[in-house]
Amino acid sequence: MDAKKTIVAIILGGLVYLLASEALGILTQILLPFDWTAIGGMRNPADPMMALMLLYGFVLAIGAVVIYQYINLKGKLVQKGAKFGAMMWLLASIPSAFVIYATMSYPTGFYLNTLVFGFIDWVLVGIIIAWVFETRKTRTAKRKRK
């Protein structure tokens, strides 16, 4: 495991997840608006614990980066990243949405954000992770061919 690449991939993956989630969350509010603060069990946005939500993407990125290093995907960089992102979406977003759907009454916009836009989040994160880990391999392979 390359520690430098791992740290860079976690930071970039977490940032991409956070930024994409926020941007797509705005789009969700345009398409199917809902007040997430009105959902039972949600903390008040002013609660200091809500700051921990900023770490969510980074926690997911830690798991994704570790998993990426143990799998072997075929294809070019973007294909590998997209495949990996789709796999992570299946592993993380689908079960989460199912459990929430089966146990709680959340608005439709929440599921749009979790399922459809979650797929976009994960594919972007997968591409970033693949870029971090595969770019160096590509450069090394090109040097060896020369």
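So which of 103, 114, 108 is within 17 Å of the chain's Cα centre (by Cα) and either modelled with pLDDT under 95 or surrounded by 11 or more Cβ atoms within 10 Å (Cβ to Cβ) (or both)?
114
Let me confirm something: among 71, 26, 62, 67, which residue is exposed (fewer than 14 other Cβ atoms within 10 Å of the Cβ), at pLDDT 90 or above and part of a helix (DSSP H, G or I)?
26
For region 31-45, indicate whether the set of residues that are under 13 Å from the mean Cα position of the chain (by Cα) and in a helix (DSSP H, G or I) is non-empty.
no
The values are calculated or read from the model by the stated rules, or taken from the named source; none is laboratory data. This one's a predicted model, so the numbers in the text were calculated from it and none came from an experiment. Because the Cβ atoms are built from the backbone with ideal geometry, glycine has one as well, and the counts that use them run over all protein chains shown.
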